[in-house]
1. Which residue, B:Leu34, B:Leu74, B:Leu17, tops the fluctuation ranking in a GNM of chain B built on C-alpha contacts under 10 Å?
2. For B:Lys48, list the aspartates and glutamates whose Cα falls under 19 Å from its own Cα; do not include residues on the same chain fewer than 8 positions away.
3. Give the residue list of chymotrypsin sites (Phe, Trp or Tyr not before Pro) in chain B that are DSSP loop and have at most 13 other beta-carbon atoms within 10 angstrom.
4. Return the ratio Rg/(2.2 N^0.38 Å) for chain B, where Rg is computed over Cα atoms only.
5. Would you mind counting up the charge near A:Glu9? Only other residues with Cβ under 10 Å from its Cβ, with Lys and Arg at +1 and Asp and Glu at -1.
6. Charges at C-beta only: +1 for Lys and Arg, -1 for Asp and Glu. How large is the resulting dipole of the protein assembly as shown about its Cα centre, in Debye rounded to 20?
7. Could you report the protein assembly as shown's accessible area per residue, 1.4 Å probe, as an integer in Å²?
8. For a test of the definition: using alpha carbon positions, the gyration tensor, and the 1.5 limit on a/c, classify the protein assembly as shown as rounded, prolate or oblate.
Amino acid sequence: MWFQVLVHELTEKCWDKCMDRPSTRLESRTEGCITNCVQRFIDSTNFVANRLQKVAGQH
Amino acid sequence: MDSMRSEGLSSSQREDLMDQVKQQIVIANTQELLTKMGEKCFSKCITKPGSSLDSSEQKCLAMCMDRYMDCWNLVSRTYTSRLQREKNFQ
């Protein structure tokens, strides 16, 4: 279930970041942007979690 | 359902309940997709609202919906394979 929730969230965010004018197909530049968007989102999530853990450990 | 308040659910009642919950999730999921798609495509396609939806606006909306679905599918595939990759490294 959470998978679905996250896919919805990511679709919305990545659409906003990557989509210019909708055309008759998903252009390869847009596809690349969306793929990067998903990967960088996961990287960011991991980064935030790891750093927070580190920072929390110092206090 | 009185039996829900007493000892708990029988396994068939539990199964029915789970099916209902799953169905609710599918419905909520579809609703979410519909809402988001509507919002995004309205933003992209209706720039100067007229007294009706003209044919170019309708064409834009249809195309936008298809592209939004493409986006959803791509996100789903990318996310799935990334999850799989992370799992394989653990």
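The values are calculated or read from the model by the stated rules, or taken from the named source; none is laboratory data. As the structure is a prediction and not an experimental result, all values here were calculated from the model. Cβ: placed from backbone, ideal geometry, glycine included. Neighbour counts: every protein chain shown. Each accessible area value is taken on the protein alone, full model and side chains, heavy atoms only, with ligands, DNA and RNA left out. Shrake-Rupley method; radii C 1.70, N 1.55, O 1.52, S 1.80 Å.
1. B:Leu17
2. Within reach: A:Asp20, B:Glu39, B:Glu57.
3. Passing both the DSSP loop test and the Cβ count: B:Phe89.
4. Chain B yields a ratio of 1.74.
5. 0
6. Approximately 700 debye in magnitude.
7. 73 Å²
8. oblate
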